[in-house]
Amino acid sequence: MVKEVFHKHESYFIVGLCMDIHKELGKGFSEAVYSDALEFELKLNGVPYNREMKFDIVYKGKKLKHYYFADFVIDNKIILELKAIEKLTNSHIKQTLNYLAASKLRLGLLINFGEDSLTYRRVIL
């Protein structure tokens, strides 16, 4: 049985943009620099997105006073979480899963610009 990849074309396109950014800038910049470069690429390629989109956290039906900001939400379908760190860990994946739960979206892309080669993980809720 062939398993369909969720939002396959959109996610591959986004990862490709991130690879282009990493190829151009390399590692060593802050997350904010990579975010700015990605925003430039998204605009250039006509990709609908929201940057630093706020999501409320609900506990037992009550909205909590704290919330989180998604780095990017692509086409109201994909949470894009950017990192510029030495290595992704399971805690980053769990964090992305929590973001997906709060946003009610099903796919997250966790992208790390901090390694010699771009690394990424597809995170599905």
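Within region 110-125, the only residue that satisfies the criterion of being in contact with a Ser or Thr (Cβ under 6 Å, 6 or more places away or on another chain), of a type in the set (A, V, I, L, M) and either within 19 Å of GLU31 (Cα to Cα) or not in a strand (DSSP E or B) (or both) is LEU110. Note on region 68-117: residues that are touching a residue at least 40 places away in the same chain (Cβ under 8 Å) and more than 13 Å from the chain's Cα centre (by Cα) total 5.
For every residue, the table says whether it meets (1) within 20 Å of ARG106 (Cα to Cα); (2) touching a strand residue (DSSP E or B) at 6+ places or on another chain (Cβ under 6 Å); (3) acidic (Asp, Glu).
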position	(1), (2), (3)
HIS9	yes, no, no
PHE13	yes, no, no
LEU17	no, no, no
LEU38	no, no, no
VAL47	yes, no, no
MET53	yes, yes, no
LYS60	no, no, no
LEU64	no, yes, no
ASP71	yes, yes, yes
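When LEU80 is tested against (1) at pLDDT 95 or above; (2) over 18 Å from HIS22 (Cβ atoms); (3) in contact with a Leu (Cβ under 9 Å, 6 or more places away or on another chain), just one condition goes unmet, and that condition is (2). When you scan region 28-57, how many residues do you find that are farther than 16 Å from ASP75 by Cβ, at pLDDT 95 or above and not small (Gly, Ala, Ser)? Qualifying residue count, region 28-57: 6.
The values are calculated or read from the model by the stated rules, or taken from the named source; none is laboratory data. Values in this document were obtained by computation on a predicted structure and should not be read as measured data. We place every Cβ from the backbone using ideal geometry, glycine too, and count neighbours over all the protein chains shown.
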